[in-house]
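S.K.: Please read through the structure below; I'll follow up with questions.
The values are calculated or read from the model by the stated rules, or taken from the named source; none is laboratory data. On a predicted model such as this, the values are computed, not experimentally measured, just so you know. Cβ atoms come from the backbone with ideal geometry, glycine included; neighbour counts cover every protein chain shown. Note: areas computed on protein heavy atoms with side chains; ligands, DNA, RNA excluded. Shrake-Rupley method; radii C 1.70, N 1.55, O 1.52, S 1.80 Å.
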Amino acid sequence: MEPNLIPTLDPNPLPAPYWVFKLLLVATFFLHILAMNFMLGGAVLALIAKWRSKNPETNKRLFFDVAKKLPVLLPATITLGIAPLLFLQVLYGQFFYTSSIIVAWPWFLVLVFLTVAYYGFYYVSFQGGQEPARAGNVMLLSVVLIFLIGFVYSNNLTLSQTPGRWGAKYFANPAGWNLNLSEPTLIPRFLHFFTAAVAVGGLLLVLIALVRWKRDTEYARHIFQFGGKAFMYATMAQFVVGIWFLASLPRDLRLLFLGDNALATALLAIGVAGAIGAIFLMAEALRRENVRLAAYYVSGIAGAVILSMSVMRDMLRDAYLKPYFHPEQFVVKTQWSVFPLFLLLFLAGVILWFVMLKRYGLFGGAKTAQETSAEAPVLTGAMR
Ligand code: HEM
């Protein structure tokens, strides 16, 4: 018989009801994945633009334009990742800690990859249009490292929800040099995240185009077309990758989304319908050159689709863990003295984050040469 490797439940009581942690886990994961998509997808599209032979000057500008935003988007991804990490540990610590120990070395390498990728993004953003060839290579290295980080996350999280596999994996290599490559859902699941990142990266370009439309129409039109098409093609590809992911799930879990569970089925239907609607709307926006239609409506629909997929992902985890995870066993002792304060600070933190995005012009594009020279005397005057 397989030994039971699942640690016992932490006897410390939960400081707030179970559903509060669950809600916060899904909500903060949604924010994390949104920031990650902007960052990784934006960087991938910047690289593709740089390698395109058409319009080399405009594409070079696009590359450095996005590159300037990456040192903001990467820490946003990290900060917004810490929140779900805390909630994950509170609710699923028994599973997540154990799988993290089994994949210890790749898991630890995430920190190394992250640090190197971060330096890379800073290096490129400080180039300010200089040495584009070297900047492109450094950016590529950072993107590969970020890609690997996401892959390690998918390895760890898929392993955390299949405790039946832990024993064999751990005893095969107790030193922690493990991944979860034999998991049939791993590749389609990770590709599903990656393809979504490219689509949302396209939306980042659309948002930049929206801000630049009046002042710099030619450039804005270019990035709108490029970003809008990237969104459309990546979302179309998602139908293949998504079906592959669904097909790779164990039969009973797959059927949850195909009629066995009303909420899971409804969420999948919302996701699929939303994706189809977003593709058609983006095509229409591109045809009519209506950047507002794309920036407001397509982004809104895409946000709703990602939210419903985040809930589906959580339901899938609970379905995997059903034989082992019993939330009714949690002891709850709500700390009423700090709980409202926590919620208040949490909300304030999210609002502050949006204010910062606006203030530091995250969606604004690079300045045109005329704007830079028009500002120069003012700056020089101020420095004097
Ligand atoms: C910067 C590069 C990063 C990328 C590309 C990335 C990507 C991802 C992806 C693709 C997933 C979903 C994996 C799956 O379910 O199969 C994920 C989940 C998660 N990430 Fe990140 N991540 C990054 C950094 C971080 C950091 C630095 C943290 C924490 C400090 C973090 C915290 C989390 C947590 C807690 C989850 C799981 C949430 C849950 O299971 O509900 N991530 N990440």
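S.K.: Of all residues in region 189-235 being open to solvent by 30 Å² or more (accessible area, probe 1.4 Å) and β-branched (Val, Ile, Thr), which is modelled with the lowest pLDDT?
M.R.: VAL211
S.K.: For the subset of region 30-51 comprising residues that are among the β-branched types (Val, Ile, Thr) and over 8 Å from the mean Cα position of the chain (by Cα), which member is farthest from the ligand (Cβ to nearest atom)?
M.R.: Top of the filtered list is ILE48.
S.K.: Pick from region 44-61 the residues that are open to solvent by 80 Å² or more (accessible area, probe 1.4 Å) and either among the aliphatic types (A, V, I, L, M) or not in a loop (DSSP other than H, G, I, E, B) (or both): which of them is modelled with the lowest pLDDT?
M.R.: Here the residue is PRO56.
S.K.: Mind telling me which of the residues LEU73, LEU80, LEU88 ends up being open to solvent by 20 Å² or more (accessible area, probe 1.4 Å) and either in contact with a Leu (Cβ under 9 Å, 6 or more places away or on another chain) or more than 16 Å from the ligand (Cβ to nearest atom) (or both)?
M.R.: Going through LEU73, LEU80, LEU88 in turn, just one is open to solvent by 20 Å² or more (accessible area, probe 1.4 Å) and either in contact with a Leu (Cβ under 9 Å, 6 or more places away or on another chain) or more than 16 Å from the ligand (Cβ to nearest atom) (or both): LEU80.
Per-residue answers, yes or no, for (1) among the hydrophobic types (A, V, I, L, M, F, W, C); (2) closer than 30 Å to TYR118 by Cβ; (3) touching a Leu at 6+ places or on another chain (Cβ under 8 Å):
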| position | (1), (2), (3) |
| --- | --- |
| ASN4 | no, no, no |
| PRO7 | no, no, no |
| PRO11 | no, no, no |
| ALA16 | yes, no, no |
| VAL20 | yes, no, no |
| LEU31 | yes, yes, yes |
| ALA43 | yes, yes, yes |
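S.K.: Right, here's the next one. Kindly indicate whether ALA295 is touching a helix residue (DSSP H, G or I) at 6+ places or on another chain (Cβ under 7 Å), farther than 22 Å from PHE190 by Cβ and surrounded by fewer than 20 Cβ atoms within 10 Å (Cβ to Cβ).
M.R.: Taking the combined requirement at face value, the residue does not satisfy it.
S.K.: Please specify each residue of region 309-331 satisfying the condition of being open to solvent by 70 Å² or more (accessible area, probe 1.4 Å) and not in a loop (DSSP other than H, G, I, E, B).
M.R.: Scanning region 309-331 gives GLU328, GLN329.
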